[in-house]
Every structure is written in C-alpha cells, then in structure tokens.
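Here's the structure we're looking at; comments come further down.
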Amino acid sequence: MIVYLGMPRCASTWLYDNLKHIEPNGATVKETHHFYKSPVDLKDYCKTNILDFSTNNWSMDGTVVKEIDPLVSNYILIIRDPVELTMSYRSLFDISQPLDEFTYSLILNKMLCYGDIIERWYKLVDPNKILIYRYSDLLANNEEFLASITKQLHIPLASMSDKMLKTNRTNNYVQPMDQETIKLLQCKIILQQQIEKFEKITNIPTNFSINNLL
Amino acid sequence: MNFQIFLRKNNLPSAIIAIELLKDEHMIHYDHFSMIENEIKKTFAIEPSVYDQYTLKISRHELDLYQTDKMIHDSHVIVDKIVLDDFWTIDDKNHWSKTIYDPEYVAHLKDKEVTWELSKDLHNNILYFNGSLDYKISIPIRGMFFK
C-alpha cells in the first residue's frame, strides 16, 4: 500500500487523480480518513486498497502507524512553503480570522512543523520508505514531477489527468495589522526552526522563504 | 500510545501525586508516587482498542498540609507539559486542563481569607495540595488540537 502523509493543499487531489489508475477496483474516494477511525480493521483495509490519500495521514497515531507499516511500501510527503500553505489553507476557512491566530493554530496542531513531523516519522518507520517531494518542483514541471514519483514507486505512468492543477498561491495575503505583528514574529521564528530541523534531518534543501509572513 | 508527564515543584520537600487515566468510569492506568526530585518525568503507555475520549487526572490529596504554615503558593506542583504519542504537546501555551478543587480545600482558603476567585482560574497547570488537574484526551489526538 502507498500512503500519502500530506500535506493538505499540496496538490494531493491532482496527484491522486494521476495515480489512482493502479487501483484495481477503480477507487474514486480520496479522503477516506480511514486511519482516523477506530483501529479495528486496519490490516484488512491495507490489504484490499493500494492507495490512501487522506491529507491528515501525517498526524495518525503512533499505534496505528506501527500496525499498518508492515503493509505499507511507501509513504509520500509533499512539502510546501509554510507561508504559502497557510494562505492556501486559510482560504478554506473564515479568512476574517486574524492571520496570527490562524498561523499559530496551525503551528499548535503541528501542521506547519515539518521538522517535528519528519523527526517523528523517521523514528516510527524506515526513513527509506518516506518519499519527500517539494510542491515547488511540481509547479515548475508537473510532468517531470509525476514521472519521478511513478518511477520511485515502481508504478506505471498513465497519461496525465487533464485536470488542471489549481495553484491557489498567495493571492489572498492580507497585510497584518500592528497587533498581529508580535505573534507573527513568534510564528516566523518557530517556522524557521522547523525548516532548519527538517533540512538537517533529511538533508533536503527546502528553498522555503518565510519572509512573506511579515 | 505514550503519555509523558513533566512535573515540577519548588519549595516542597516532597509531594504525593496520583496519575489516573479513565475511560468513562473505568480505570485504564493508575500510578501513585512520592515526588522527591524538583523535576520529574512520568511515562506510561496504553493500547487504545477504540478511539474515544479519556480523562487524564493528576491529583494530590495531601491533607497533612492543612496543618502546616505552608502558603498555598509554596505548596503547589506545576505540570510543565504533557507529551502525547511522542509528538503532541500540551503546555502553558494551550491549556487543556480543568482544575478541580476539593471542597475542603476551598473551605480552607476561605478560612485563610484568600481573596481571589478560584472559579476564574480553572484552566492552568497548577496542582494544589488537595485537588486535581483533569485533561480530556481524545484519541486520535490531532482532533484535540485542530480548530
């Protein structure tokens, strides 16, 4: 089984559409969130499905990971500039929520903490199973990106889905108000630490620039 | 799933602490110990068979301290942080606790003519000498943090 760890807002739907042809039953469901249900039939699920593309998989419980890992061939993690990701994710919610509060809530629930996430997963499973890709590489050349993923996963490359990739970049950026500045600065420091930690653990340069946050 | 509980005290020679994990009325885990060190980490693990909500209760019932001249602020224990599943952190940035005061403790404070309103400060990380800090822990964990 191939498990997409995350992140959300990193072209997971586009990638799923381009990989789902390997599902013998023609799976059409992307966000199953199966690993968030009571862990009673995890092994059966892993044996009968080839893909799981739930964007919250990065945060599944450690006991679940231990149970399914023997049945998982690869995990896919796509990383995106945390500021871009925040703006994109925010567009799904009430954008009247102050940017500092929203960003901080994403940090508290670890979604932007790439360093902590990869540190945890490297402890939980064989790091060689985790394939890490940059969202920026996908934007630069999606055909090359897809070819690279399918090659690493040893799966056939189908004709690319004609669905256009919705880039949804930082168009909805709002200049923070004065009272937000201090908290945003704190967020910026945390994010910088997380990026440095991620790069140190994986030896993968992210090329992220979080200066847009302030 | 692992629970790591980081406790600290300052001016007490020791503290008697109980840690319980409850699901409804059922005890999943229980530990009872004397804390001599100023800082200590207690860990335990459970294997949840179903995803549900649990209550983590950290409590003290040190009734002897009523008879001492210890100020209530001198005699507390601080729960610095709780780390769940080696990943999720509950600390002073995100209080999930609820302070439960023993009625006897409240009466004691009234006798001491303490003026602050206890009910206004229920969500903190301070464990007084007769009462508990209760944490609602939902598994899977991330749901607790996601707003």
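Values quoted throughout were computed directly from the atomic coordinates according to the rules given, and no laboratory measurement underlies them. Keep in mind that what you see is a predicted model, and the values were worked out from it rather than measured. FYI the Cβ positions are ideal-geometry reconstructions off the backbone, even for glycines, and counts take in every protein chain you see.
Observations, loosely collected:
- Rounded to the nearest 0.05, the FRET efficiency derived from the C-beta distance between A:Asp41 and B:Asp69 at R0 = 41 Å is 0.10.
- Net length gained if the chain between B:Ala107 and B:Val50 were fully extended (0.36 nm per residue, minus Cα distance): 16.5 nm
- A convex hull fitted to the Cα coordinates of the range B:2-140 yields 112 cubic angstrom per residue.
- Cβ-Cβ distance of A:Leu131 and B:Ile36, R₀ of 51 Å, FRET efficiency by 1/(1 + (r/R0)^6): the value works out to about 0.60.
- Only Lys, Arg (+1) and Asp, Glu (-1) charged, at Cβ; chain B dipole about Cα centre in debye: 400
- Derived scalar couplings ³J(HN,Hα) [the range A:73-87; Karplus, 6.51 cos²θ - 1.76 cosθ + 1.60; whole Hz; x for Gly, Pro]: 7, 8, 10, 10, 10, 9, 10, 9, 2, x, 6, 4, 4, 4, 5
- Sorting B:129-135, A:204-210 by their mean Cβ neighbour count within 10 Å, with the most densely packed peptide first, gives B:129-135, A:204-210.
- Start at zero, step by 10 Å, and the Cα-Cα distances of the range A:80-143 spread as 18, 39, 32, 10, 0 percent across the bins.
- Helix A:99-108 vs. chain A, principal-axis angle (Cα, 0 to 90°, nearest 10): 40
- Checking the Cα-Cα distances for B:Lys23/B:Lys136; A:Lys110/B:Lys23; B:Lys41/B:Lys93; A:Lys188/B:Lys136; A:Lys43/A:Lys66 against a 21 Å cut-off, the pairs over it are A:Lys110/B:Lys23; A:Lys188/B:Lys136.
- Volume per residue that the Cα convex hull of the range A:2-213 spans, once the total is divided by residue count, Å³: 125
- Relative contact order (%) - chain A, alpha-carbon pairs under 8 angstrom, separation at least six: 29
- Charge dipole of the protein assembly as shown (Cα centre as origin; +1 on each Lys and Arg Cβ, -1 on each Asp and Glu Cβ, all else neutral): 880 debye, rounded to the nearest 20.
- Loop-located GluC sites (Glu not before Pro) in the range B:1-96 whose Cβ has at most 11 other Cβ within 10 Å (DSSP): B:Glu25, B:Glu37
- Inter-label distance for A:Leu92 and A:Leu139, nm, one decimal - labels placed 7 Å from Cα along Cα-to-Cβ: 1.8
- Kirkwood-type radius of the protein assembly as shown, with distances r between different C-alpha atoms, in Å: 23.0
- Angle in degrees between helix A:181-202 and the longest Cα principal axis of chain A, rounded to the nearest 10: 40
- The protein assembly as shown - share of DSSP beta bridges that are antiparallel (%, nearest 5): 80
- Calculated [222 nm] ellipticity per residue, helices only, for the protein assembly as shown: -8500 deg cm²/dmol; basis is -39500 (n - 2.57) per DSSP H run with n ≥ 4, divided by all residues, nearest 500.
- Computed over the range A:35-118, Cα set: Rg, Dmax in Å: 15.4, 44
- With contacts taken as Cα pairs under 8 Å and at least 6 residues apart, the range B:2-140 reaches a relative contact order of 32 percent.
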